[in-house]
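Structure record follows, encoded as structure tokens.
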Amino acid sequence: MDEELERIADVVAARIRAQLGSALASPASAAPAHACTGACDSDGCSSCGHCVTKKPQEVRSIVGEGAVRVSSRPGAGSVEGDLAGLIDHTLLKPEASAEDLKKLCAEAVKYNFASVCVNSSNVSRCRGLLGASQVMVCAVVGFPLGAMSSGSKAFEARDAVRNGAAEIDMVVNIGALKAGDYATVQEDISRVVAAARPAHVKVILETGMLTDEEKVAGCTLSKLAGANFVKTSTGFGKGGATAEDIALMRRVVGGAMGVKASGGIKSAYDVRRMVKAGATRVGASASVAIVSGRVSTSSY
């Protein structure tokens, strides 16, 4: 870490110790949430994407581009084989219809995308539409504001997993984080992590609304709570991913967690910048444009 980030991290650590106690003060003491346990089989791995024996497709793409996944939306065209396994096929607009979801899932199966990412109310429908395919369902929780109670988020996460979700993207309690109420933030994340098991959890910080100190605190608390990823943005809020934020987040969480860049990523150039800064996944609706060398005009 540079000197200024070290100073901010020290301030945050002191405040976390004051609220949560010394047992939670050091993120380095937390168990690596993103490490592979080797317990999953080749059909069930939904974690790091680095396993050369179980996920060779992701590994080849990581070697080539550095990113683990890129999102898309319905209407995407054909994507070359090795890139398809990187894509979270995403449909989060509130007006999404049954036909939209049917199209989303049909495209995901056709092109062998990694997952479909949908609102939690659509998990069961999508799991049914995906049938016996290996395409996962990723559900957003507390989306897009993060302002509901921890119990509500935990219930939503548990319900989504029971209905077939393999990954959960939760929005942090932004108000509590900005207020320095670290106990509330840590409990919020911990309850979702516990409720979501065995699904992996990504914590969306909405970095465009945060100061550097708040970003450090959000990353530290996510790590302490056992989350698998920290993620920049919902794509619906203020701002989006920046290389500077990704670099900061990576320095705070170290190598034990994933860092996902999401929001405003429209080209392969953007992806390369995020990966160079430390991102291990990239979220964008512009996935086809990205892998085709074009620049998207999408707003997400």
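How do 187-198, 210-221 rank on mean C-beta neighbours within 10 Å, highest first?
210-221, 187-198
Output the relative contact order of segment 157-287, whole-number percent, from Cα pairs under 8 angstrom with separation of 6+ residues.
Averaging sequence separation for qualifying contacts and normalising by length gives 20 percent for segment 157-287.
May I ask you to list the lysines whose Cα is less than 18 Å away from that of Lys110, ignoring any residue fewer than eight positions away on the same chain?
Lys102
Which of the lysines could a cross-linker span from Lys215 if the Cα-Cα distance has to be under 23 Å and same-chain partners fewer than 8 positions apart are dropped?
Excluding near neighbours in sequence, the set is Lys153, Lys178, Lys202, Lys223, Lys231, Lys238, Lys260, Lys276.
Quick check: net charge around Ser124, other residues with Cβ under 11 Å of its Cβ, Lys/Arg +1 and Asp/Glu -1?
+2
Normalised radius of gyration for segment 185-266, please: alpha carbon Rg relative to 2.2 N^0.38 Å, two decimal places.
Dividing the Cα Rg of segment 185-266 by 2.2 N^0.38 Å gives 1.01.
What ³J(HN,Hα) values, in whole Hz, does the Karplus curve 6.51 cos²θ - 1.76 cosθ + 1.60 give for segment 203-219 when θ = phi - 60°, with x put for Gly and Pro?
Each residue of segment 203-219 in turn: 9, 8, 8, 6, 4, x, 9, 10, 7, 4, 4, 5, 5, 4, 4, x, 5 Hz.
Compute from the Cα atoms of segment 136-245 the Rg and the Dmax, the latter being the longest Cα-Cα distance, and quote both in angstrom.
When restricted to the Cα atoms of segment 136-245, Rg and Dmax are 12.6, 37 Å.
Read-outs: derived from the displayed coordinates by stated rules, not from any lab. As the structure is a prediction and not an experimental result, all values here were calculated from the model. For neighbour counting, all protein chains shown are included, and Cβ atoms are generated from backbone atoms with ideal geometry for every residue, glycine included.
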